[in-house]
Amino acid sequence: MLFRLVNGIQVKIEVGGQPKRYESSIPNQLLRFYKQLIEESKLITAHAIKARSLGEDEAHKTLKDIIT
């Protein structure tokens, strides 16, 4: 295992391999939230993306709301 600086960031590299890239990385998750908001025709703001990432943008209903 080697460490190499790439654009000033230390990257872990398997011997003879390339830097590992993960699909679930933070930038990919933010891009997925951004695309979801676009598909839902919602206003794209930093607050909207943050709320989506924290699960705070979903409308929650109580049992009382469902019954009445």
Going residue by residue through the stretch 57-67, is there one that turns out to be modelled with pLDDT of 80 or more and in contact with a helix residue (DSSP H, G or I) (Cβ under 7 Å, 6 or more places away or on another chain)? yes
Looking only at residues that are surrounded by 10 or more Cβ atoms within 10 Å (Cβ to Cβ) and part of a strand (DSSP E or B) in the stretch 10-40, which one is modelled with the lowest pLDDT? 19
Can you list residue pairs whose Cβ atoms sit under 6 Å apart, with the first residue in the stretch 48-66 being surrounded by 10 or more Cβ atoms within 10 Å (Cβ to Cβ) and the second being assigned to a loop (DSSP other than H, G, I, E, B)? Count only pairs 6 or more apart in sequence or on different chains. 51/57
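The values are calculated or read from the model by the stated rules, or taken from the named source; none is laboratory data. Worth saying up front: this structure is predicted, and the values here are computed from it rather than measured. Quick reminder, even Gly has a Cβ in these numbers, built from the backbone with ideal geometry, and neighbours come from all protein chains shown.
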